Amino acid sequence: MDYDTLKRDVLIIGGGPSGLSTALHLQRIAPHLAPRVLILEKARYPRFKLCAGGLVLDAEIILQRLGLDVREVPHVDVDSIHFDFEAKGLNIRIPKRHALRIIRRDEFDNWLAQKAGSRGIEIKEGISVRSIIPDKDGVTIETDNSTYRAQIVVGADGSNGITRRSIFPNTPVYTARVLEVIIPVRRDAISPHETNYAYFDFFPVPHNIAGYVWDFPTQVNGEPMRCWGIYDTNLLSNEKRPQLKEPLAQEMSRLGFNLDDYEIKGHPIRWFSPENPMFVPRVLLVGDAVGADPIFGEGISIALGYGNLAARAIKDAFQRNDFSFRHYKTRMLLSPLGQTLLARWFITNIIYPLKWKWFQVLLWRILKPIVITVAWIFVLNWGRRMSQK
Ligand SMILES: Cc1cc2nc3c(=O)[nH]c(=O)nc-3n(C[C@H](O)[C@H](O)[C@H](O)COP(=O)(O)OP(=O)(O)OC[C@H]3O[C@@H](n4cnc5c(N)ncnc54)[C@H](O)[C@@H]3O)c2cc1C
């Protein structure tokens, strides 16, 4: 076993959007730290990541501020998004621009990793971290075949990550269950479901599935496809619930598809609650390791935003020679990212437990102006307000 002692000051575990964003933000606000950062990624790029790949405007704003143009990544632009209950509801379009941009995560994360590499960030691929042990002088990180020491560790290793499990083994975890299928576009039929529309339908809520079925356009290797899936926050898990597959199959069959013809994949999403722990001295968590948006499980923009906050906390720690990170959670909650996550957590705890059909009809079909205003003020538009220093 080789002992790669104190070679890096900042060791980031996981090279998804949150880990790469932390490194890219550090490189921007504290370039002298960039050569002292190492990312350990267990897979090799371009690696598969189960995700529908919907990028909201806030993600694009954060990337632009890092000097990155996501149009370099193959993508599909969505012109309008429907938020429906039983196929009727509200429709969002943004004048003169796309409402959502869909990327594939293998391509997007590979692109982001190349950008980090070209800016002097070292990434070691194919290295799986096994344990993280902080002490007062640093952190010991054990991987499959080596042991590292670092001044600071950033746990960017996703919903099931080892960092959170090592540091907070007994804390409650709020996790959504999610299924996804990719299906070819039917060339013989022209319907809104086969053009650039994205749908969220909350029809499963009265059946104790606290979430929605989605249907997005996407592309795989340049071929137009549709990405379908179902999301359940698990907030109604004490009630009798159908299998997650059932409502998805029902909705797909309504539109002429048989779910059994396609490969279904599932992955949990850990979602944000203000109770979720985020740090111990010398260790910070970012991205899904803390928690994604609970309403939709939207986590790419959120992961990119966590990177901004973690980079500033790390820069501050080196400046003050104080690695306690005792202000990280408060600053996070007070930041535009923290404010949107708190709002989304609050909204989640209203719209899903009030599961009755009449409420869901009221919400998605009748209260449209209120829903759009609340979304515009509290849910979206936080990326622009993030500090750039
Ligand atoms: C089915 C599904 C659909 C989704 N759709 C959307 C969507 O449309 N839009 C959206 O915004 N969000 C979506 N999300 C959520 C989004 O995928 C996540 O929020 C986002 O990936 C979080 O980024 P992250 O960097 O925190 O974690 P991840 O993207 O999970 O990255 C973690 C990285 O850490 C690595 N890693 C893990 N363990 C170790 C280890 N022990 N050692 C070294 N490396 C390790 C992994 O290989 C991975 O590269 C979806 C999620 C799912 C499951």
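Observations on the structure shown:
- If you go through the stretch 279-334 and keep only what is more than 24 Å from PRO172 (Cα to Cα) and aromatic (Phe, Trp, Tyr), you end up with PHE318, PHE323.
- Residue-level analysis places TRP271 outside the set of residues that are closer than 30 Å to ASN208 by Cβ, of a type in the set (Phe, Trp, Tyr) and either without any contact (Cβ under 8 Å) to a residue 24 or more places away in the chain or away from the ligand (no atom under 13 Å from the Cβ) (or both).
- Failed criterion for ALA30 (all others in (1) in contact (Cβ under 8 Å) with a residue 12 or more places away in the chain; (2) open to solvent by 30 Å² or more (accessible area, probe 1.4 Å); (3) away from the ligand (no atom under 15 Å from the Cβ); (4) more than 17 Å from ILE102 (Cα to Cα) hold): (2)
- Flag for ARG47 being more than 12 Å from the ligand (Cβ to nearest atom) and either at pLDDT below 95 or open to solvent by 10 Å² or more (accessible area, probe 1.4 Å) (or both): no
- The condition of being surrounded by fewer than 18 Cβ atoms within 10 Å (Cβ to Cβ) and not aliphatic (A, V, I, L, M) holds for only one of ASP58, ASP77, that being ASP77.
- Residue count for the stretch 80-106 under the criterion of being within 15 Å of the ligand (Cβ to nearest atom) and either open to solvent by 50 Å² or more (accessible area, probe 1.4 Å) or over 21 Å from the mean Cα position of the chain (by Cα) (or both): the result is 1.
- Residues in the stretch 198-229 that are over 21 Å from the mean Cα position of the chain (by Cα) and more than 19 Å from PRO268 (Cα to Cα): PHE203, PRO206, HIS207, ASN221, GLY222, GLU223, PRO224, MET225.
- Any hit, the stretch 255-266, residues being under 26 Å from PRO134 (Cβ atoms), in a loop (DSSP other than H, G, I, E, B) and at pLDDT 95 or above: no
- Index of the failed condition, ASP69 passing every other in (1) open to solvent by less than 30 Å² (accessible area, probe 1.4 Å); (2) at pLDDT 95 or above: (1)
- Search result, residues across the stretch 274-298 that are within 22 Å of PRO353 (Cα to Cα), near the ligand (Cβ under 7 Å from one of its atoms) and crowded, with 24+ Cβ neighbours inside 10 Å: ALA292, GLY297
For (1) of a type outside the set (Phe, Trp, Tyr); (2) buried (at least 23 other Cβ atoms within 10 Å of the Cβ); (3) more than 16 Å from the ligand (Cβ to nearest atom), each residue gets a yes or a no:
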site: SER128; (1), (2), (3): yes, no, no
site: ASP144; (1), (2), (3): yes, no, no
site: ASP157; (1), (2), (3): yes, yes, no
site: VAL185; (1), (2), (3): yes, no, yes
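- Of all residues in the stretch 310-323 being of a type outside the set (D, E, K, R) and surrounded by fewer than 24 Cβ atoms within 10 Å (Cβ to Cβ), the one that is farthest from the ligand (Cβ to nearest atom): ASN321
- Matching entry among ASP261, ASP232, ASP322 (being under 14 Å from ILE209 (Cβ atoms), more than 14 Å from the chain's Cα centre (by Cα) and acidic (Asp, Glu)): ASP232
The values are calculated or read from the model by the stated rules, or taken from the named source; none is laboratory data. Since this is a predicted model, take the numbers as computed values, not measurements. Ideal geometry is used to build each Cβ from the backbone, glycine not excepted, and the neighbour counts take in all protein chains shown. Ligands, DNA and RNA are excluded from the accessible area calculation, which covers all protein heavy atoms including side chains. Shrake-Rupley method; radii C 1.70, N 1.55, O 1.52, S 1.80 Å.
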